[in-house]
Amino acid sequence: MSDTENPIRDPYATLELKPGATADEVKQAYRRLAKLFHPDRNPDNPEAEERFKAVAAAFEILSDPTRRAEHDRRHGSTSPAGLPEAFVDDVSNSIERAQTYIERMVLPHYARYASGVNAEAAARMLQDLTALADVSHAMGWDKPSLVHRWRAARWARRIGVSLESFPAATISMLVQGRAGSTVIVLTPFAMHRAGFRQPTDIDDAVLRVLLARYAQILAAGHIAPPDTDDGWPETLAAAQALDRAHRSQQWGQRAFYAVVVGVAALLIYAGYAGW
């Protein structure tokens, strides 16, 4: 039975030992507790029988140097929140993989819808995210153009990701950075408390959170997912309308500035000619 399959969560506590216990101390603790809770000494006592089984399972882990080292690596606490070092490493690696995937594959795909306030791009990203069971193999499936990659790179420069191990109630938070940038803060503490343990589950959770946050940042609060899937056509239409309105406003401003510059140039030219 592997360590991950063993029901003993803390073999040291089960054997009433500290993590730094020697091999001789492990043997002595096992013999003492096994003798104390042995079924022959505790007939018709289910609790003692369970303790005896737990003691035996804990000894299996701690008496094997390889299994003990693996347990210590995966369950040793090194963060202020008391998180296992291996878990924090898994989350950190998942963030790195998710960022690479999002910046190279996902953002360039949705950059084709970039215009106005990027509401349509964000809405389509959120719509695809809610419809996917496996986000790592279905978003950003095409080869982006150079223009789309350039737009995606501009988005990526505005968004950073930080890993913080302090206790928090939510898995992620948004923090305003410098010059209009935004930092997505991921908190492994909340992920650990929510029950994420396997690397594949952590990968999926991190990727989903980052995709949702990227879309939220791109939308800048202009749109929100509908309450039901039937509401996506209206949400997309509203996002497209926002982008069109913003583009019209931008073109109006540019036309105004062009007229002002043109009039100023004519006045300067007329003054120069008259002089």
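The values are calculated or read from the model by the stated rules, or taken from the named source; none is laboratory data. Since we're looking at a predicted model, the values are computed, not measured. So basically every Cβ, Gly included, is an ideal-geometry build from the backbone, and we count neighbours across all protein chains shown.
Comparison of Val26, Val55 shows that the only residue that is farther than 30 Å from Ala168 by Cα, buried (at least 21 other Cβ atoms within 10 Å of the Cβ) and not assigned by TED's automatic domain parsing to the domain that holds Arg151 is Val55.
Of the helices (runs of 4 or more DSSP H) contained entirely in region 31-123, those carrying at least 1 residues that are more than 24 Å from Leu146 (Cβ to Cβ) and in contact with a Lys or Arg (Cβ under 9 Å, 6 or more places away or on another chain) fall at 46-62, 65-75, 85-101.
Within region 51-73, the set of residues being modelled with pLDDT of 90 or more and more than 30 Å from Asp89 (Cβ to Cβ) comprises Phe52, Lys53, Val55, Ala56.
Screening Met191 with (1) in contact (Cβ under 8 Å) with a residue 24 or more places away in the chain; (2) in contact with a Gly (Cβ under 9 Å, 6 or more places away or on another chain); (3) within 23 Å of Ala86 (Cβ to Cβ) gives one miss only, at (2).
In the same structural domain as Arg97 (by TED's automatic domain parsing), part of a helix (DSSP H, G or I) and closer than 21 Å to Ala114 by Cα: does that describe Ala153? Give the steps one after another, and end with the answer.
Numbers: in the same structural domain as Arg97 (by TED's automatic domain parsing): yes; part of a helix (DSSP H, G or I): yes; closer than 21 Å to Ala114 by Cα: yes.
Against the criterion (in the same structural domain as Arg97 (by TED's automatic domain parsing), part of a helix (DSSP H, G or I) and closer than 21 Å to Ala114 by Cα), Ala153 qualifies.
Going by the structure shown, is Gly231 under 27 Å from Pro108 (Cα atoms), under 36 Å from the mean Cα position of the chain (by Cα) and modelled with pLDDT under 90? Answer is no for this residue.
Pro225 meets all of the listed conditions (1) touching a Phe, Trp or Tyr at 6+ places or on another chain (Cβ under 7 Å); (2) outside any helix (DSSP H, G or I) but one, namely (1). With respect to (1) more than 29 Å from Thr228 (Cα to Cα); (2) in a helix (DSSP H, G or I); (3) without any contact (Cβ under 8 Å) to a residue 60 or more places away in the chain, the lone exception for Asp128 is condition (1). Taken as a whole, the condition of being out of contact with any strand residue (DSSP E or B) (no Cβ under 7 Å at 6 or more places or on another chain), surrounded by 11 or more Cβ atoms within 10 Å (Cβ to Cβ), modelled with pLDDT under 85 and of a type outside the set (Val, Ile, Thr) does not apply to Ala239.
Name every residue in region 159-182 that is without any contact (Cβ under 8 Å) to a residue 12 or more places away in the chain and assigned to a helix (DSSP H, G or I), in order of residue number. Even if it seems obvious, please write down each step before you answer.
Step one: filter region 159-182 for residues without any contact (Cβ under 8 Å) to a residue 12 or more places away in the chain, giving 176, 178-179.
Answer for region 159-182, where residues must be without any contact (Cβ under 8 Å) to a residue 12 or more places away in the chain and assigned to a helix (DSSP H, G or I): Arg178, Ala179.
For region 217-226, the criterion of being surrounded by fewer than 18 Cβ atoms within 10 Å (Cβ to Cβ) and without any contact (Cβ under 8 Å) to a residue 24 or more places away in the chain is met by at least one residue.
Here region 191-200 is the region considered, the condition is being surrounded by 15 or more Cβ atoms within 10 Å (Cβ to Cβ) and at pLDDT 85 or above, and the residue that is nearest to Ile102 (Cα to Cα) is Pro199. If you go through region 9-23 and keep only what is in contact with a Phe, Trp or Tyr (Cβ under 7 Å, 6 or more places away or on another chain) and loosely packed, with under 13 Cβ neighbours inside 10 Å, you end up with just Lys18.
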